[in-house]
1. Where in segment 29-48 is the amide nitrogen less than 16 Å from a point lying 7 Å along the Cα-to-Cβ axis of Ile7?
2. For Arg51, Arg61, give me the order by solvent-accessible area with a 1.4 Å probe, most accessible first, ignoring ligands, DNA and RNA.
Amino acid sequence: MPYTDLIHEMHVSEPGLLVVDVAAADDATALAFQQLLADRWATATAEQTTRDAGQPGVRLRCYLDLRQQLTAAAVAGPTMEPTTARP
């Protein structure tokens, strides 16, 4: 099974800590999703995506801390424009 990096105990040692594995069609999509998370919660972000040989798309892993207080800007919602479906 691809992308089975172990999750270390320290990353989930307390309630509110998360490990998020993202699979996306391309780098821009994966990094944009990661940025949406980082805009709301304390996030240890990945600087680049990885590709698994023989598998479609890209992957990245980031670490979130939901224990922090959300700011008013974070509660307001995403800042990205919705995309339109392509034919």
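1. Residues passing the 16 Å test: 44.
2. Arg51, Arg61
The values are calculated or read from the model by the stated rules, or taken from the named source; none is laboratory data. All values reported here derive from a predicted model rather than from experimental measurement. Glycine gets a Cβ as well: all are built from the backbone with ideal geometry, and neighbour counts include every protein chain shown. Surface areas here come from the heavy atoms of the whole protein model, side chains and all, with no ligands, DNA or RNA. Shrake-Rupley method; radii C 1.70, N 1.55, O 1.52, S 1.80 Å.
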